[in-house]
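Q: Dropping a structure here in C-alpha cells format, bear with me for questions.
The values are calculated or read from the model by the stated rules, or taken from the named source; none is laboratory data. None of these values were measured; they are calculated from a predicted model. Here the Cβ positions follow ideal geometry from the backbone for every residue, glycine too, while neighbour counts run over all protein chains shown. What goes into the accessible areas is simple: the full protein's heavy atoms, side chains included, and nothing from ligands, DNA or RNA. Shrake-Rupley method; radii C 1.70, N 1.55, O 1.52, S 1.80 Å.
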Amino acid sequence: MERLISTTDEQALRAILDEAKNVVVTCHMGPDGDAIGSVLATTLWLTRLGKNVTPIVPDAYPDFLKWLPGADRIRVCLYHEKKVRPIVDEADLIVYQDFNEESRMDSLARLVAHNRKARRLMIDHHLNPVAKCDLAFSYPELSATCEVIFRIMSDMGGYEAMTTDEATCLYCGLMTDTGAFTYNSNRPEVFNIIGELIAKGIDKDRIYRNVFHSWSVDRFRLMGYLLYVNWHYLDELHASIITLDAEERKQFGYMKGDTEGLVNMPLQIRGTRLSVFLREDTEKAGRINVSLRSVDDLPCNVIAQECFNGGGHRNASGGHLLMSMPEALDYTRRSLQKYASLLKD
C-alpha cells in the first residue's frame, strides 16, 4: 500500500505528539461508529505512547457502541460540562476526529475555543475542511476517518505495535461508515486494511453482531412502525422519505442509536436512488435533522447543501431544517422535484 502522508507531515506529527502531555480527543455531535471508533483508537494509541488522554464527545452516542474497548473512558460534554471544562483547559493538544469545522462540536466548541494554548490536530475524511489547526490530515477520498488513522499509524511504522483493541475500534469505524462495506468502499486498499486488522486478532463477525444485531424490543417495534406508518415512497422519483417526531420517540422509548441504519433500508427497493430521513430534534425545538443516502453517482451531498443547510459525502450526507415536521415533509417533497431528472436517470 502506498504511503498516505508525506515524510514532512510525518515529522511534523511526530514533533506535535512528542511535545504533548495532556491530550483531548473529540469528534462531531451525534457521534456515529466512525467518530467513536476513531476517538477510541486514537485514545488507546496515544495512551500507549505515554500520553494522558481524555476522550470527550459533544453529546450522547449509541448504546451499540458502548462495548468498544476504552468506551468507559469517554466523557460526554452535554451531561458533564463542569467536569469536562478543566480537562479541556489543561490540554496542550486537542485532536479533532471525523469533522471538518469547529461548529460540528456544538457546545463543546466553546470550551475548546477557550483554550488558546493547545495545539490542534485534525484527522478527517470530509470535504472542504475549514477548522483552524496546526496540522491537518484530511482525505475525502478515503472511506472513513478510521481508515485515515490506520494509514497514518502504518506510515509512521506503528502497525507492529498496534493492539487488538485499537484494531477493533478502527474496524468498527471503517465498517459502520461504509454500511458494512456496501458503499464508499470499492477500493482494494479497504480490503487490504481489513486483512491487516484481522491479522491483529480482531473478531470481525462479533463486531458486526455487536453493532447491527443488538436491537431492543422497543427498537424493533419502532422500526416496524416507521416503515409502516411514516414511510413515504415517491415512486415517480425513485425516492423515499421517513419521518420521526418527538412524540413518537417517547411512545417507543427511543434510545440514542435506535434509528441507526434506517435511512439505508429503502435503498434495498429495486430502482430506488435516494432515501431521506427526517427526525425531530428533542434538544433543539423547531429543528429537524436530515439524513440522506443515495446510490451510484447520485450526489446527495449536493442536495444536502442546496436544500438542507448541510453537506457530506456523495452517497451519505446530512443537514437540518428549522421548521415543524409537517412543514419539513412538504418542503422535502417539493425540493426533491427539482432533482427529478437526476432521480429518474
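Q: Take E260 and tell me if it is acidic (D, E), open to solvent by 40 Å² or more (accessible area, probe 1.4 Å), under 24 Å from V302 (Cα atoms) and outside any helix (DSSP H, G or I).
A: yes
Q: Keeping to segment 44-72, report how many residues are on the phi > 0 side of the Ramachandran plot and open to solvent by less than 20 Å² (accessible area, probe 1.4 Å).
A: 1
Q: Test of understanding: among R279, R270, R334, which residue is in contact (Cβ under 8 Å) with a residue 24 or more places away in the chain and either touching a strand residue (DSSP E or B) at 6+ places or on another chain (Cβ under 6 Å) or not in a strand (DSSP E or B) (or both)?
A: Answer to the selection: R279.
Q: Sort out for me the strands (runs of 3 or more DSSP E) sitting completely within segment 3-111 that have 3 or more residues that are among the aromatic types (F, W, Y).
A: The strands (runs of 3 or more DSSP E) meeting that bar number zero.
Q: Among the residues of segment 239-256, is any of a type outside the set (A, V, I, L, M, F, W, C), surrounded by 21 or more Cβ atoms within 10 Å (Cβ to Cβ) and in contact with a Phe, Trp or Tyr (Cβ under 7 Å, 6 or more places away or on another chain)?
A: Within segment 239-256 (the criterion being of a type outside the set (A, V, I, L, M, F, W, C), surrounded by 21 or more Cβ atoms within 10 Å (Cβ to Cβ) and in contact with a Phe, Trp or Tyr (Cβ under 7 Å, 6 or more places away or on another chain)), the answer is yes, since at least one residue qualifies.
Q: Out of I241, I202, I207, which single residue is modelled with pLDDT of 95 or more and part of a loop (DSSP other than H, G, I, E, B)?
A: I202
Q: Considering only residues that are under 17 Å from R120 (Cβ atoms) and among the charged types (D, E, K, R), look in segment 73-105 and name the one that is least open to solvent (accessible area, probe 1.4 Å).
A: Checked segment 73-105; the qualifying residue least open to solvent (accessible area, probe 1.4 Å) is D98.
Q: Can you tell me how many residues within segment 1-10 are at pLDDT 95 or above and either touching a Pro at 6+ places or on another chain (Cβ under 8 Å) or surrounded by fewer than 10 Cβ atoms within 10 Å (Cβ to Cβ) (or both)?
A: Qualifying residue count for the region: 2.
Q: Being closer than 30 Å to F64 by Cα, in contact with a Phe, Trp or Tyr (Cβ under 6 Å, 6 or more places away or on another chain), buried (at least 21 other Cβ atoms within 10 Å of the Cβ) and of a type in the set (S, T, N, Q) is the requirement here; does S275 meet it?
A: Answer is no for this residue.
Q: Counting only residues that are touching a residue at least 40 places away in the same chain (Cβ under 8 Å) and touching a Ser or Thr at 6+ places or on another chain (Cβ under 8 Å), which one in segment 126-147 is surrounded by the fewest Cβ atoms within 10 Å (Cβ to Cβ)?
A: H126
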